[in-house]
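Engineer: Submitted below is the structure of interest, expressed as structure tokens.
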Amino acid sequence: MTTAPATTVLLIDDDPFFLRVLAGTFRQNGYTVLTAHDGIEGIKLYLEKLPQVVISDLIMPRLGGVSTCKEIRRLALERDDQEPIIILLTSMIHEPPHQHEVPDMGARYHIPKSSPALDVVILVEQLLSQQRSATKPV
């Protein structure tokens, strides 16, 4: 599985081991990866690099995942940029990844943090493919 070289993923998590594993898996699959250790750092990186995908942990110091996701979404809409795919990782849900029609807690997609890293990459690839199909001119 490979993706276009221009696809950038921002991973926001305060767990260095989890961040390293997830970042490594995305890099192995052709993504450019940015990492942040909390929401404040993540928002700054989002504004600097405008990644197409943002994946945030729910519980972090300084600024949690809900506030981070809501702020990144607000900034994207304010700038009139294409809204990034925003995913919230949480150990509080134990069901399969799911999508919300309207963003819930700042993210349209919620994934259990226990998901294998490769499954997260596959899901992101599917979401990017859907997004590209939805934005293609007819």
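Read-outs: derived from the displayed coordinates by stated rules, not from any lab. Computed from a predicted structure; not experimentally measured. Every residue, glycine among them, receives a Cβ derived from its backbone with ideal geometry; neighbour counts consider all protein chains shown.
Engineer: What distance in nm lies between label points placed 7 Å from Cα along the C-beta direction at residue 21 and residue 70?
Structural biologist: If labels sit at residue 21 and residue 70, their model points lie 3.0 nm apart.
Engineer: Explain nothing, just the number: dipole magnitude of region 8-135 about its Cα centre with +1 on each Lys and Arg Cβ and -1 on each Asp and Glu Cβ, in debye rounded to the nearest 20.
Structural biologist: 200
Engineer: Using +1 at the Cβ of each Lys and Arg and -1 at the Cβ of each Asp and Glu in region 8-135, identify which of 50, 40, 17 lies farthest towards the dipole's positive end.
Structural biologist: 50
Engineer: Rounded to whole Hz and in sequence order, give me ³J(HN,Hα) for region 70-76 from the Karplus expression 6.51 cos²θ - 1.76 cosθ + 1.60, θ = phi - 60°, writing x for Gly and Pro.
Structural biologist: In residue order, the calculated couplings are 5, 5, 5, 4, 4, 4, 4 Hz.
Engineer: So how much slack lies between residue 130 and residue 78, counting 0.36 nm per residue of separation and subtracting their Cα-Cα distance, in nm?
Structural biologist: Working: separation 52, 0.36 × 52 = 18.72 nm, distance 2.32 nm.
Taking residue 130 through residue 78 to full extension adds about 16.4 nm, to one decimal.
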